Amino acid sequence: MKMNLVAILRVAVRALNRNKLRTALTMLGIIIGVGAVIAMVSIGQGAQAMVQDQINGMGSNMMMIMPGNIFFGGASLGAGAASTLTEEDVQAMVREIPTIAAASPVVRASGQFVFGNQNWFAQIQGANEKFPLIRNWKVERGEFLQISTCVQRIEWLSSVRQ
């Protein structure tokens, strides 16, 4: 016995009306399930974009060469603890390796910054003007410090202290 489409829909609507609580709970489950899938996909895409931005922020095709390790009191201070690389080493690498597009020496230290009655302990990093290009960093407002500006300020500070 074949039922036509109208009869099938009529039976379905009658069953939904008789079991209103079951219908509402089923609809709620479907809505929550679809919403959860959409939320999880969105979170996954957001996390993927964040990781991709962090990788892009490191710079493309970048290699870091760190000086050797130092042992102090039997404990290893880790790679980069020794200051055995010089500016001349960086210039020699750029000169002798033609595939290097840009190179920047980096100096890291930590220190205390004091202004008025406030102070902060912070990491300090110094590099040359090629470092933002290497790391693929963009400035939203303003500009990166230029070596000439820093030299002028140091000369000014030296003249004031005398």
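The values are calculated or read from the model by the stated rules, or taken from the named source; none is laboratory data. All of these numbers come straight from a predicted model, not from anything done at the bench. Don't worry about glycine lacking a Cβ; one is built from the backbone with ideal geometry, like all the others, and counts go over all protein chains shown.
For the condition surrounded by 10 or more Cβ atoms within 10 Å (Cβ to Cβ) and within 22 Å of Arg135 (Cα to Cα), what is the one hit in Gln48, Gln54?
Values: Gln54 fails: surrounded by 10 or more Cβ atoms within 10 Å (Cβ to Cβ).
After ruling out the rest, the residue left standing is Gln48.
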Exercise for review: Output yes when any residue across the range 116-123 is surrounded by 14 or more Cβ atoms within 10 Å (Cβ to Cβ) and polar (S, T, N, Q), and no when none is.
Suggested key: no
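Residues to consider are Thr99, Thr149, Thr84; find the one that is more than 23 Å from Asp53 (Cα to Cα), at pLDDT 80 or above and of a type in the set (Ser, Thr, Tyr). It would help to see each step written out before you state the result.
Working: Thr149 fails: at pLDDT 80 or above; Thr84 fails: at pLDDT 80 or above.
After applying the criteria, what remains is Thr99.
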Review point. Looking at the range 127-136, is at least one residue modelled with pLDDT of 80 or more and polar (S, T, N, Q)?
Key: yes
